[in-house]
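Every number in this text was worked out from the coordinates using simple rules, so none of it is lab data. Treat the numbers as computed from the prediction; the structure is a model and nothing was measured. Counting neighbours? That spans all protein chains shown, and the Cβs are built from the backbone with ideal geometry, glycine included.
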Amino acid sequence: MKKKTNRNPQYIRQRLPCPACQFGRLIDTGQRTHSVTYVPGQDGYLDADYYLKCSHCKADIGIRKIE
């Protein structure tokens, strides 16, 4: 059985870690997408584009898309 390979680099995903507990996979982002994560109380948290709850530590994480 052949292993599937993805030859299109657009579909390669990066793992964005949780800034609170360093859990390895908070969300997947595209290869060309750059994001900044914030924990509650940190400068920039209230200006985040969207919020996500970490499945590991249950913290609400603010995520801001840069590019």
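Trypsin sites (Lys or Arg not before Pro), restricted to segment 6-67: which are DSSP loop and have at most 10 other Cβ atoms within 10 Å? Sites meeting the loop and neighbour criteria: 7, 32, 58. In order along segment 37-49, phi translates into HN-Hα couplings of 10, 10, 9, x, x, 7, 4, x, 4, 6, 9, 5, 6 Hz, rounded to whole numbers, per the Karplus curve 6.51 cos²θ - 1.76 cosθ + 1.60 with θ = phi - 60° and x for Gly and Pro.
Residues whose amide H lies under 5 Å from that of residue 35, counting only those 5 or more places away or on a different chain, are 66; hydrogens are built 1.01 Å from N in the peptide plane.
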